[in-house]
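S.K.: The structure is given below, and queries will be raised subsequently.
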Amino acid sequence: MPHFIDRRLNPKDKSLGNRQRFLKRVRSQVKEAVDKAIQGRNIADADKGETVTIPTKGIAQPTFRHSTSGGYRERVLPGNKEFQAGDKIEKPPAGGGGDGGKEGSDQGEDEDTFVFALSREEFLDLFFEDLELPDLIKNNLKEVISNKYRRAGYSMAGSPSNINVIQTMQRSLGRRLALRRPKEEGIQELQHEIFALEKISEPTIEQWARLKELHETLEELQRKRRVIAYIDPLDVRYNYFQPKPEPNTNAVMFCLMDTSASMGEREKDLAKRFFVLLHLFLKRRYDRIDVIFIRHTHESSEVDEETFFYATESGGTVVSTALVEMQEIVEKRYPPSEWNIYAAQASDGENFSGDSAKCNDLLQSVLMPICQYFAYIEILDEREADIFNDETQGAELWRSYRQVYDEWQNFAMKRISSPADIYPVFRELFAKKDERV
Amino acid sequence: MAKTAKTKIAKTKTAKKPKLLFEGSSWDFGALDRTYDAVEEIALNDLGLDVYPNQVEIISSEQMLDAYSSIGMPLMYQHWSFGKHFVQEEKLYDKGFRGLAYEIVINSNPCISYNMEENTMAMQTLVMAHAAFGHNHFFKNNYLFKQWTDADGILDYLEFAKKYIAKCEERHGPDAVEEILDAAHALMDHGVYRYRRPPEPSLREKKERERERHAYEEREFNDLWRTVPNADKGPEDDTQRDAQERKKRLHLPEENLLHFIQIYSPALKTWQRDILHIVSNIAQYFYPQKQTKVMNEGCATFVHFYIVNALYDKGLLPEGAMLEILHSHSNVLSQPDYNDQRYGGINPYALGFAMMADIRRICENPTDEDREWFPDIAGSDNWRCVLKDAWANYRDESFIQQFLSPTIMRKFRLFSLADDSKEKFYSVSAIHNKRGYRQVRDALARTYDVAALDPDIQVVDVDLLGDRQLRLKHTQRDGIPVDERDKEMVLFHLKKLWGYDVIMET
């Protein structure tokens with residue numbers, strides 16, 4: 001007698017431990033791949049899982065094995081069609097090629113690379129790694145938005161509490177009409193007539209026949225009523241609910257950046273991380289977020305993400321133009337009564353002389369009252385970071401922003417020179433937010 | 001009593017008019033039970049197989065993926081390489097490049113086989129015949145498995161290994177354990193004994209032997225020998241004699257590198273030696289499987305094919321199920337030609353099954369050619385015995401050498417191709433014709449010879465009291481070198497284990 005054992009309910013993911021060990025092993029390479037992925041990604045989908053390709057260095061499993069070339073070997077192959085003993089066949093040219101590498105290379109995977117997919121969790125873990133976020137915040141960011149149930153039509157099945165009476169009755173009525181279910185009144189009429197006829201003590205033959213006919217009709221009608229139900233299970237409709245993320249509030253996020261030549265690859269990368277992080281924070285709170293990109297040199301324009309991060313422009317630097325542009329967009333498309341407005345600005349701190357005062361003015365009088373939050377980061381060289389370690393000192397733009405900072409609680413500013421500096425910018429925002437909520 | 005009588009009646013009734021074992025494609029445990037019994041009936045009483053008791057476990061596809069990644073074993077210690085493997089398999093599976101196996105079977109007593117829940121009832125029938133009887137019989141009877149593996153103890157041993165390694169991780173940190181395991185895995189292929197030796201004598205036997213030796217020396221002592229002029233040939237041979245002496249003491253040369261390091265490494269701690277021991281034991285456990293792929297799969301395939309046909313002939317299988325089984329059977333047996341896109345070597349299922357079916361044919365309807373090639377078995381009236389003998393006493397290499405018939409060579413249109421790196425041409429050295437049969441057969445058998453598959457690397461010398469340099473020797477065969485990049489990496493691991501310099505000569 002065999003033993004049959006049903007193991008299907010045993011825990012799966014037995015090799016989760018192995019997977020974690022593997023990820024740990026390739027951490028540095030994966031991290032690199034994740035950073036590259038973030039750079040190439042839209043801000044709004046920064047937190048999707050990712051397929052990463054890493055070099056096999058470090059995860060090779062070497063053994064003493066025969067080299068694939070050299071020496072004398074003899075192999076046996078099936079499917080001979082035209083060869084005779086002694087035939088010579090020219091070797092394909094060295095360095096692979098030919099039709100030798102039919103598999104593998106097409107799939108973009110050769111001996112030196114290894115491709116696999118990271119889950120969203122794993123991806124974010126790695127992304128957060130050098131941002132030095134406190135654990136609590138990390139968890140909050142990773143948290144998936146809970147779904148709300150919304151009406152989504154009707155269904156044939158459901159729980160009794162969800163019965164939709166109107167829909168059900170409509171169907172019932174339609175069916176009863178179509179199948180000609182006898183109405184109550186018709187039967188009553190018949191019964192009255194029968195009653196009246198039966199009261200006659202000596203009915204005539206016609207009356208007798210009529211009575212018999214009426215009886216038959218009545219019986220027929222009553223049978224029909226029994227067969228055709230008033231409410232058939234077919235009629236019943238239930239309200240159907242579907243889980244949907246509820247857009248309770250909308251937010252718009254303005255990304256402002258100086259794109260003049262002084263902003264290099266490194267600066268843009270830091271700025272991007274900053275924007276991504278703000279977007280993640282916002283996403284946690286708002287179901288719908290619009291992202292607007294405004295770049296500026298000595299003049300500014302709204303652009304798409306691609307242009308924002310990758311196109312370079314030449315020209316001077318007039319920061320106020322970006323603020324004016326933002327103001328115009330808000331007026332046109334995002335009335336502050338309906339939208340939560342967030343702004344993040346990144347710059348290397350340079351500005352056309354005299355313009356900084358104008359910025360200060362614009363911010364204080366127009367923008368700050370309508371913004372939930374305005375964050376400004378100044379991206380410095382690591383060299384410069386040592387020189388400007390005093391918060392109160394700085395270039396013209398920094399000094400005038402400093403005034404805004406003193407006035408407005410929802411204004412944050414920070415100098416950053418490495419990814420680890422980004423988070424503190426948000427700390428204040430969250431301290432405040434959490435108080436309010 | 002009344003009850004047994006009733007069941008007896010019921011049984012005779014079913015015997016008179018056979019009823020289908022199952023209908024439709026979905027399975028349930030009742031149908032599995034009935035089918036197992038019917039399969040067992042044929043396997044034991046008709047084919048006369050000898051099997052371990054079976055334990056059939058139903059698992060889901062995720063669990064199958066899990067099992068894949070730990071080299072098919074239900075219990076395994078944790079290591080990143082299994083994670084890597086898992087990630088690879090998962091990707092292939094998710095993208096639909098590869099389906100999962102229908103079953104995994106483990107050489108243990110009781111013999112555990114895993115069947116996937118997604119299988120249809122027809123497939124479950126096939127899989128039970130294939131794994132629970134085909135593979136099972138082979139595991140229990142083949143000499144390699146009998147000699148090298150301990151089916152009774154393997155599960156307990158893996159359980160122990162898993163716990164031991166987890167404990168080491170706890171005590172010494174995962175990184176230290178990982179380093180040892182990495183190094184051990186690199187040497188895994190060279191961590192097996194290839195030839196059986198007499199079992200290590202017990203301590204008491206050793207002492208007994210030593211006492212006898214002393215007694216003999218005392219008895220034979222004669223001072224006269226000292227005075228013989230060339231008894232002591234002189235000091236110039238001293239170093240050589242020392243080396244001789246040393247090698248003898250260390251049992252050199254030694255082919256089981258892992259074992260040698262585990263015993264003699266000056267650098268390892270006890271727990272590290274234990275881990276090496278575990279890895280080499282596991283390598284040894286899998287060593288027979290490597291040598292019997294064609295036979296093992298051929299045996300299982302032959303058995304399932306025979307059993308399902310017998311079931312069908314008895315009227316126990318519905319026609320739809322039989323068609324499904326045949327479809328799957330012929331899929332497994334497909335052998336693309338060498339110039340086909342799908343060609344990936346000779347399919348062990350196809351070759352094994354074809355050879356075994358051919359043995360049966362040779363026994364039943366031999367041709368003149370068969371009588372010439374296989375005078376022993378041609379026309380023998382008991383093909384079951386011939387096959388069982390082959391399953392028990394051969395491995396791939398010797399099986400092909402012994403039983404590959406001209407019929408099969410013609411059927412597969414086999415030809416052998418010589419590749420000399422010094423020449424600009426491949427040359428066809430033999431094809432499936434009268435002049436070539438023997439050469440093709442020899443060449444094919446050689447490609448299944450494990451001794452030729454792994455490079456021959458042995459420890460030849462080490463002076464434990466001197467510089468402690470470990471000297472390895474690679475004996476080249478047909479001038480085929482060892483892969484350089486891998487060699488460097490393995491030597492790097494070896495140095496870590498040995499603690500002193502390691503060199504390899506060719």
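The values are calculated or read from the model by the stated rules, or taken from the named source; none is laboratory data. Small disclaimer: the values here were computed from a predicted structure and weren't measured. Cβ atoms come from the backbone with ideal geometry, glycine included; neighbour counts cover every protein chain shown. Please note that ligands, DNA and RNA were not included when accessible areas were found on the heavy atoms of the full protein model with its side chains. Shrake-Rupley method; radii C 1.70, N 1.55, O 1.52, S 1.80 Å.
S.K.: Counting only residues that are farther than 30 Å from B:Arg360 by Cα and of a type in the set (Lys, Arg), which one in region B:398-429 is farthest from the other protein chains (Cβ to nearest Cβ)?
M.R.: B:Lys422
S.K.: Hey, could you check region A:336-355 for residues that are modelled with pLDDT of 80 or more and under 26 Å from A:Tyr286 (Cα atoms) and say which is surrounded by the fewest Cβ atoms within 10 Å (Cβ to Cβ)?
M.R.: A:Ile341
S.K.: Kindly indicate the residue of region B:467-483 that is more than 13 Å from B:Glu505 (Cα to Cα) and of a type in the set (D, E, K, R) and also farthest from the other protein chains (Cβ to nearest Cβ) among those meeting that condition. Talk me through it step by step, then tell me what you get.
M.R.: So the first thing to find is which residues in region B:467-483 are more than 13 Å from B:Glu505 (Cα to Cα), and the list is B:467-468, B:477-480, B:483.
From what is left, the residues that are of a type in the set (D, E, K, R) are B:467-468, B:477-478, B:483.
Details: B:Asp467: 23, B:Arg468: 21, B:Arg477: 8, B:Asp478: 4, B:Asp483: 4 Å.
Applying the filter and picking the extreme gives B:Asp467.
S.K.: Please pick out the residue among B:Arg413, B:Arg438, B:Arg446 that is open to solvent by 30 Å² or more (accessible area, probe 1.4 Å) and on the phi > 0 side of the Ramachandran plot. Let's see the steps before the verdict.
M.R.: Working: B:Arg438 fails: on the phi > 0 side of the Ramachandran plot; B:Arg446 fails: on the phi > 0 side of the Ramachandran plot.
The unique qualifying residue is B:Arg413.
S.K.: Of the conditions (1) surrounded by fewer than 19 Cβ atoms within 10 Å (Cβ to Cβ); (2) of a type outside the set (Phe, Trp, Tyr); (3) under 28 Å from the mean Cα position of the chain (by Cα), A:Arg295 fails just one. Which one is it?
M.R.: A:Arg295 satisfies all of (1) surrounded by fewer than 19 Cβ atoms within 10 Å (Cβ to Cβ); (2) of a type outside the set (Phe, Trp, Tyr); (3) under 28 Å from the mean Cα position of the chain (by Cα) except (1).
S.K.: Would you be able to say whether some residue in region B:474-490 is of a type in the set (Asp, Glu) and open to solvent by less than 60 Å² (accessible area, probe 1.4 Å)?
M.R.: So the first thing to find is which residues in region B:474-490 are of a type in the set (Asp, Glu), and the list is B:478, B:483-484, B:486, B:488.
If we keep only those that are open to solvent by less than 60 Å² (accessible area, probe 1.4 Å) too, we end up with B:483, B:486.
Yes - at least one qualifying residue is present in region B:474-490.
S.K.: Taking interchain pairs and intrachain pairs at least six residues apart, which have beta carbon atoms under 6 angstrom, with the first residue in region B:158-172 and within 8 Å of B:Tyr77 (Cα to Cα) and the second in a helix (DSSP H, G or I) and open to solvent by less than 80 Å² (accessible area, probe 1.4 Å)?
M.R.: Qualifying pairs under 6 Å: B:Ala161/B:Ile278.
S.K.: Moving on to the next point. Could you check how many residues of region B:427-461 are hydroxyl-bearing (Ser, Thr, Tyr) and within 25 Å of B:Glu369 (Cα to Cα)?
M.R.: Filtering region B:427-461 down to residues hydroxyl-bearing (Ser, Thr, Tyr) leaves B:427, B:429, B:437, B:447-448.
Next, only the ones that are within 25 Å of B:Glu369 (Cα to Cα) stay: B:429, B:437.
So the count comes out to 2.
S.K.: What do you reckon, is A:Val52 touching a helix residue (DSSP H, G or I) at 6+ places or on another chain (Cβ under 7 Å), modelled with pLDDT under 80 and surrounded by 16 or more Cβ atoms within 10 Å (Cβ to Cβ)?
M.R.: Working: touching a helix residue (DSSP H, G or I) at 6+ places or on another chain (Cβ under 7 Å): yes; modelled with pLDDT under 80: yes; surrounded by 16 or more Cβ atoms within 10 Å (Cβ to Cβ): yes.
Yes: the conditions hold for A:Val52.
S.K.: Just a yes or no: is a residue in region B:292-309 surrounded by fewer than 19 Cβ atoms within 10 Å (Cβ to Cβ) and under 23 Å from the mean Cα position of the chain (by Cα)? Write out each step before concluding.
M.R.: The initial filter retains those residues of region B:292-309 that are surrounded by fewer than 19 Cβ atoms within 10 Å (Cβ to Cβ), namely B:293, B:309.
Those still in the list that are under 23 Å from the mean Cα position of the chain (by Cα) too: B:293.
Yes: region B:292-309 contains one or more residues that are surrounded by fewer than 19 Cβ atoms within 10 Å (Cβ to Cβ) and under 23 Å from the mean Cα position of the chain (by Cα).
S.K.: Additional query: Sort out which residues of region B:387-397 are among the basic types (Lys, Arg) and either crowded, with 21+ Cβ neighbours inside 10 Å or at the interface with chain A (Cβ under 10 Å from one of its Cβ atoms) (or both), and write them in order of number. Step through it out loud before you land on a result.
M.R.: From region B:387-397, those among the basic types (Lys, Arg) are B:388, B:395; that's our starting set.
Result: B:Arg395, single match.
S.K.: Considering only region B:454-474, state which residues are under 29 Å from B:Met295 (Cα atoms) and without any contact (Cβ under 8 Å) to a residue 40 or more places away in the chain.
M.R.: B:Pro455
S.K.: If we only count helices (runs of 4 or more DSSP H) wholly inside region B:81-196, which ones have 1 or more residues that are touching a strand residue (DSSP E or B) at 6+ places or on another chain (Cβ under 8 Å)?
M.R.: Values: elements: B:121-127, B:136-141, B:143-148, B:154-172, B:174-186.
Here the list reads B:121-127, B:136-141, B:154-172.
S.K.: Could you figure out which of (1) under 20 Å from A:Ile370 (Cα atoms); (2) open to solvent by 10 Å² or more (accessible area, probe 1.4 Å) isn't true of A:Ala261?
M.R.: (1)
S.K.: Then there's this: Are there any helices (runs of 4 or more DSSP H) wholly within region B:323-420 with 1 or more residues that are within 30 Å of B:Thr120 (Cα to Cα), and if so which? Spell out how you get there, then give the answer.
M.R.: Details: elements: B:348-364, B:368-373, B:383-393, B:396-403, B:406-412.
Here the list reads B:348-364, B:383-393.
Yes or no, residue by residue, for (1) surrounded by 12 or more Cβ atoms within 10 Å (Cβ to Cβ); (2) more than 40 Å from the chain's Cα centre (by Cα); (3) assigned to a helix (DSSP H, G or I):
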| site | (1), (2), (3) |
| --- | --- |
| A:Thr168 | yes, no, yes |
| A:Arg175 | yes, yes, yes |
| A:Glu193 | yes, yes, yes |
| A:Arg226 | no, yes, yes |
| A:Leu256 | yes, no, no |
